[in-house]
């Protein structure tokens, strides 16, 4: 029964990520990219020139300050912190980093998501 539930979750996960109207990149605790939606692939590969990122470190796509910020954010996630703002891009995108926890509540990784930064 548990195997069937896991299969059903996988069937839903990919379409759910693809339905997101902005880039979503999931990395594990070693910062290895495990999942990207199609918009993220386009953003990183076509717009930024990075290739074959699945299985590689998310940190190769970042400058030194961003790498430091991500490390600090993940450390706070380990203390049960919630979603955090990372930056606003040059294209006015608001970048957030969100923790992903397993069923026991342990930190499994994090994902970055981009949204148009709304001016108030």
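For region 54-94, the share of alpha carbon pairs falling in successive 10 Å distance bins from zero is 25, 48, 26, 1 percent.
Axis of helix 2-19 versus longest Cα principal axis of the chain: the two differ by about 30°, to the nearest ten degrees. From the alpha carbon centroid of region 102-117 to that of region 1-67 is 11 Å. Exposure proxy shown here: for 90, 96, the number of other Cβ atoms within 10 Å sets the order, fewest to most, as 90, 96.
Taking other C-beta atoms within 10 Å as the exposure proxy, 20, 36, 47 rank 47, 20, 36 from fewest upward. Axis angle, to the nearest 10 degrees, between helix 64-78 and the longest C-alpha principal axis of the chain: 30 degrees. State log₁₀ I(q)/I(0) for the chain at q = 0.18 Å⁻¹ as given by the Debye formula over alpha-carbon point scatterers of equal weight, solvent excluded. These q points yield log10 I(q)/I(0) values of -1.03.
Helix-only arithmetic for the chain: the sum of -39500 (n - 2.57) across DSSP H runs with n ≥ 4, divided by the residue total, places the mean residue ellipticity at 222 nm at -9500 deg cm²/dmol.
Laboratory data are not the source of any read-out in this text; all were calculated from the coordinates shown. Keep in mind that this is a model prediction, so the values were computed, not measured. Neighbour counts are summed over all protein chains in view; Cβ atoms, including those assigned to glycine, are modelled from backbone coordinates with ideal geometry.
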